[in-house]
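Reading through the structure tokens given below for one structure.
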Amino acid sequence: MSLKSPAFSSKVPVMLHGADYNPEQWLRYPEVLREDIRLMKLAGCNVMSVGIFSWVSLEPEEGVFTFEWLDNVLNSFAENGIYAFLATPSGARPAWMSEKYPEVLRVERNRVRNLHGFRHNHCYTSPVYREKTALINAKLAERYANHPAVIGWHISNEFGGECHCDLCQNAFREWLKVKYKGSLDELNHAWWATFWSHTYTSWEQIDSPAPHGETQVHGLNLDWRRFVSERTIDFCRHEIVSVRDYNPDLPVTTNMHMIDGIDYRELAKILDVVSWDAYPDWGYTEDGDDARLAAWTAMHHDLFRSFKHKPFLLMESTPSLTNWQSVSKLKRPGMHKLSSLQAIAHGSDSVQYFQWRKSRGSSEKFHGAVLDHSGHGETRVFKDVAEVGRILAGLTEVVGTSTPAETAILYDWDNRWAVKDAQGIRNSGLKYEETVLQHYRALWEQGIAVDMIGSGDDLSRYKLVIAPMLYLISEENGQRIEQYVEQGGTFLATYWSGVVGETDLCHLGGFPGPLRKTLGIWAEETEGLHSRDLNGLVLESGNVLNLSGDYDAHEIAELIHLEGAEALGHYRSDFYAGRPALTLNKLGAGEAYHLATRVKDLAFYVELYAAITSKAGITRTLESNLPVGVTAQLRTDGEHEYIFVQNFSGDVQTVKLDGRGYTDLESGAEVPAELELPVNGLAMLKRKAK
Ligand code: GLA
Ligand code: ZN
């Protein structure tokens, strides 16, 4: 079976390598522009994202268009074998527009309209902004959609934020009328609005959340977030429509990043290819634990890949440092190659940077770039980039290959929003995303591939589905999970799952609501613990997973009753002592585990998932034990498998291979049974698929 999709563009069916390029900042320096082309080739770059913030250079006055400079850039790309993602410029607008049409300016939560400035600060509803965007986009498309250098649309830049202007308030009310079928009664019930006498008696009374207004109606907060997300997606759709007809074959993407404001799973549906911007702060974190950060980054690569189950693009990353983290550290030797190839390992068909050249002035002048102010390629960073360029040029056979996974983690945007908004068990830190990472990392450490999916997605393709803190789950999705288990799937949920439904109303009749039958337990009480409080999980002797020992647990604990499930472990102390803390329920042909408390140590999760995945018949990339901080990820075309062994542990490591016959992906040479990996080391291997 071929597991290969076509390359992003038939014009460049190789790994893409490049950067955001801002030639409009350098039009007074023609020698710089000439030198750029020479150095791009020297760095092994074959693609640049252009025009991202170029609106004023393209339309300096309303209705006056100046495309000559962009003609020159794209023509010289075409002559030199360099391709372009052409951006629509809506991420930042010219001052003349804000001056003439103040409605394009965003209104903040406090209901104050912004002055002109910054970027990403427009109203997504404003008819004027939509019209002006459609016009400039159409002009660009008319001129360049069939240009030989252009390989795709880069729609706007990192959509985000929200606007609270009157236009947006009205659009929100209209959206609510549709959602609640014109019934205020339904809305009042869904939002439990009788609480504190918040019942609405006319649609006009509804306003978006505000610090000096409403923040306590969770259903309102949640619906507002859904509305903002949909509004933003609608704006992106509007942009796509404005360029599509000029060349329907030109693929469309927009660069996403690590924010929780937009339901990216939904945004991905209107794109041809998913792309994202990864800025892990290697070596910066408080705990200095690069392996944790590597797992966090890997989890996001998997998330973005899982939207379409096909290769994505790494649209931005820094070749050295950023200028916005609290401390701007340089990438240590080896880290540039390792982190770039990490993206490829998880399914990216590109490595791109922000930015090609450091700007001379303004806020990003000290942000890492391929070229520094020195202007030449005799730098450590340039050499690192050129090395990645050289490696990527040798990975053409990996382009389009897939990253199959038998395990999925449920990661829903509305759950993220709701669980963090809820006031209750641990306001000092519920740590939702960190919890998801705890589970993800245990799999990452063992080289087990993971898809990050939504609870509405198809579960039947997975052997194991994990739901860390699935606080919000609809009855319908709860039913789907139940069926999945009945039909033979393995499922694991933690404490604080199955608490509320779609509009943040608590499930009645006992938690975990629609998961109660599946898990075979009733969660009677859940509490948050102080940082000083410690409990523990003690494994029962002779449990079916063959786990043993006693692990510290902290922060959250749930008191559960068995309703068909068996206890695999119990609480160690306090009045909890002896009560079940880890359970297994058999339902139909499947199995469902429940973890009632937050165990502290990675080692527990590694043991737990080693046992569960082996019971569920899930394969690992390498059938050998990996040292902590080392992972192995795989891509395949169905015939060959490409394995990326990555050492993020901060130490020299030895990895024993599993004897399946490996060659070095770059040199084709046979690989010895033991791999020596230096600090930040990477090995790229190839073997036959089974
Ligand atoms: C974001 C933006 C870029 C740039 C980088 C800096 O990802 O898309 O324009 O500002 O951050 O890290
Ligand atoms: Zn608005």
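The values are calculated or read from the model by the stated rules, or taken from the named source; none is laboratory data. This one's a predicted model, so the numbers in the text were calculated from it and none came from an experiment. Cβ placement follows ideal geometry from the backbone for every residue including glycine, while neighbour counts extend to all protein chains displayed. What goes into the accessible areas is simple: the full protein's heavy atoms, side chains included, and nothing from ligands, DNA or RNA. Shrake-Rupley method; radii C 1.70, N 1.55, O 1.52, S 1.80 Å.
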*asked:* I'd like the full set of residues that are touching a strand residue (DSSP E or B) at 6+ places or on another chain (Cβ under 8 Å) and open to solvent by 10 Å² or more (accessible area, probe 1.4 Å), limited to segment 350-374.
replied: Phe354, Arg357, Lys358
*Output yes when any residue across segment 444-451 is touching a residue at least 40 places away in the same chain (Cβ under 8 Å), on the phi > 0 side of the Ramachandran plot and touching a Ser or Thr at 6+ places or on another chain (Cβ under 9 Å), and no when none is.*
yes
_Residue check, Leu470 open to solvent by less than 10 Å² (accessible area, probe 1.4 Å) and assigned to a loop (DSSP other than H, G, I, E, B)_ = yes
*Quick one: in segment 328-349, of everything that is of a type in the set (Ser, Thr, Tyr) and within 15 Å of ligand 1 (Cβ to nearest atom), which residue is most open to solvent (accessible area, probe 1.4 Å)?*
Ser328
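Condition check: open to solvent by 50 Å² or more (accessible area, probe 1.4 Å) and part of a loop (DSSP other than H, G, I, E, B). Does Ser531 satisfy that?
Spelling it out, Ser531 is indeed open to solvent by 50 Å² or more (accessible area, probe 1.4 Å) and part of a loop (DSSP other than H, G, I, E, B).
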*Quick one: which residue in Val351, Val327 is modelled with pLDDT of 95 or more and farther than 16 Å from Ala683 by Cα?*
Val351
*What do you reckon, is Glu108 within 25 Å of His257 (Cα to Cα), more than 16 Å from ligand 1 (Cβ to nearest atom) and open to solvent by 30 Å² or more (accessible area, probe 1.4 Å)?*
yes
*Working carefully through the options Leu395, Leu410, Leu371, find the one that is within 16 Å of ligand 1 (Cβ to nearest atom) and on the phi < 0 side of the Ramachandran plot.*
Leu371
*Which of the residues spanning segment 118-137 are more than 16 Å from ligand 1 (Cβ to nearest atom) and surrounded by fewer than 17 Cβ atoms within 10 Å (Cβ to Cβ)?*
Pro127, Val128, Glu131, Leu135
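Filter segment 256-306 down to the residues that are aromatic (Phe, Trp, Tyr) and in contact with a strand residue (DSSP E or B) (Cβ under 7 Å, 6 or more places away or on another chain), then identify the one that is nearest to Arg635 (Cα to Cα).
So, considering only residues that are aromatic (Phe, Trp, Tyr) and in contact with a strand residue (DSSP E or B) (Cβ under 7 Å, 6 or more places away or on another chain), the one nearest to Arg635 (Cα to Cα) is Phe304.
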*asked:* If a residue counts only when it is assigned by TED's automatic domain parsing to the domain that holds Trp224 and more than 16 Å from ligand 2 (Cβ to nearest atom), which helices (runs of 4 or more DSSP H) contained entirely in segment 82-182 have at least 3 such residues?
replied: 95-100, 127-144
_Suppose we filter segment 69-105 for residues that are surrounded by 22 or more Cβ atoms within 10 Å (Cβ to Cβ) and among the polar types (S, T, N, Q); how many remain?_
2
_If I ask for residues that are free of Cβ contacts under 8 Å to residues at least 40 places away in the same chain and open to solvent by 30 Å² or more (accessible area, probe 1.4 Å), which ones from segment 1-54 would you list?_
Ser10, Arg28, Tyr29, Pro30, Glu31, Arg34, Arg38
*Please give the number of the condition Leu608 fails out of (1) open to solvent by less than 10 Å² (accessible area, probe 1.4 Å); (2) part of a strand (DSSP E or B).*
(2)
*In segment 376-396, what residues are within 17 Å of Ala7 (Cβ to Cβ) and exposed (fewer than 14 other Cβ atoms within 10 Å of the Cβ)?*
Ala393, Thr396
